[in-house]
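> Before I ask anything, let me first share the structure, which is written out below as structure tokens.
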Amino acid sequence: MAYVESRKNLTGSACGIAGLALTFTGLAGAYWPVVIVGLYGAGALIAPPERPPAPDFPDPSAQLETVRADFATLREYLAEVELPPAASGRLVELTGLLEGLLAPGWVSEALATDPEAIHALSRAVHQDIPESVDTYLRTRWWTRLTPGNEPPERPLEQQLSLLHREAESMAVGLREAEARRQQTHTRYLEDRGGAN
């Protein structure tokens, strides 16, 4: 059935009908079946190839919903983990900032226009934070067996600070985009008022 609706068949059929018209006008002569089949074949060969449909990827808001749900799972995991006070405080700041960025409403609508920010949030929730915490927990266990090495709290605090800085820069970028939008709207209103 797909071939019946294809461009090749439709173009070949149109050329075959032209061959049929040539037959009725008498120009095809005794070779009319060859003319009709030949024109159909030529039309099928010159027809443009079928173009596969473009992939249907989820829109950014659907991706944010997935990240939001995974963030809830991450928070459950983090609630069960024992961290030192400094790292725990840094983690609370980081998760609070991420929660604000992932909150439903106009913030996530603004975030949905920036695929890089969505990717960075997804990476932080799916990979960076769990990896930092898990690596700390594993290193802490090994540090108990081999004392005298650098305490694993320092790298964890540094990693959480870097992740917080990255999330903070996303928030600043969103704020700046909204400020530009506000300035643009102000200029528009000024220009519109000045034209009267």
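> Net charge near A44, counting Lys/Arg +1 and Asp/Glu -1 over other residues with Cβ under 10 Å of its Cβ?
Every neighbour counted, the sum reads +2.
> Separate question: So what is the accessible area of the chain per residue, in Å², with the probe set to 1.4 Å?
Ligands and nucleic acids excluded, the figure is 68 Å² per residue.
> Still on this structure: Any chance you could give the angle, 0 to 90 degrees and rounded to 10, that helix 129-145 forms with the longest Cα principal axis of the chain?
Rounded to the nearest ten degrees, it is 40.
> Moving on. Give, rounded to the nearest 20 debye, the magnitude of the charge dipole that the range 60-185 has about its Cα centre when Lys and Arg contribute +1 at Cβ and Asp and Glu contribute -1 at Cβ.
Value, rounded to 20: 160 debye.
> Sorted by mean Cβ packing within 10 Å, highest first, what order do the peptides 1-13, 116-128 take?
Averaged packing, sorted descending, gives the order 116-128, 1-13.
> Within the accessible area of the chain, what % is carbon and sulfur when the probe is 1.4 Å and the other protein chains stay in place?
On the chain, the fraction of accessible area on carbon and sulfur atoms equals 60 percent.
> Among [x] 17.6; [y] 16.6; [z] 22.8, which one is Kirkwood radius over Cα pairs in Å computed from these coordinates?
Answer label, from the structure shown: [z].
> Ordering Y188, Y31, Y77 from largest to smallest accessible area (1.4 angstrom probe), what's the sequence?
Correct descending sequence by accessible area is Y31, Y188, Y77.
> Run lengths n ≥ 4 of DSSP H only: what is the helix-derived mean residue ellipticity at 222 nm for the chain, with -39500 (n - 2.57) per run over all residues, to the nearest 500?
-25500 deg cm²/dmol
> Now, a different point. Rounding to the nearest 10 and keeping the result within 0 to 90°, find how far the Cα-based axis of helix 7-25 lies from the longest principal axis of the chain.
Its long axis makes an angle of about 10 degrees.
> Next question. List the residues whose amide H sits under 5 Å from the amide H of L83, counting only those 5 or more places along or on another chain, with H placed 1.01 Å from N in the peptide plane.
It is none; the list stays empty.
> Normalised by the number of residues in the chain, what is the relative contact order in percent for Cα pairs under 8 Å and 6+ residues apart?
The value is 18 percent.
> Could I ask something else about it? Taking the chain as the reference, fit the longest principal axis to its C-alpha atoms, fit the long axis of helix 85-102 to the helix C-alpha atoms, and give the angle between the two in degrees, 0 to 90, nearest 10.
30
The values are calculated or read from the model by the stated rules, or taken from the named source; none is laboratory data. Just so you know, these numbers come straight off a predicted model, no measurement behind them. Every residue, glycine as well, gets a Cβ built from its backbone with ideal geometry; the counts of neighbours run over all protein chains shown. Side chains included, ligands, DNA and RNA excluded: accessible areas come from the protein's heavy atoms. Shrake-Rupley method; radii C 1.70, N 1.55, O 1.52, S 1.80 Å.
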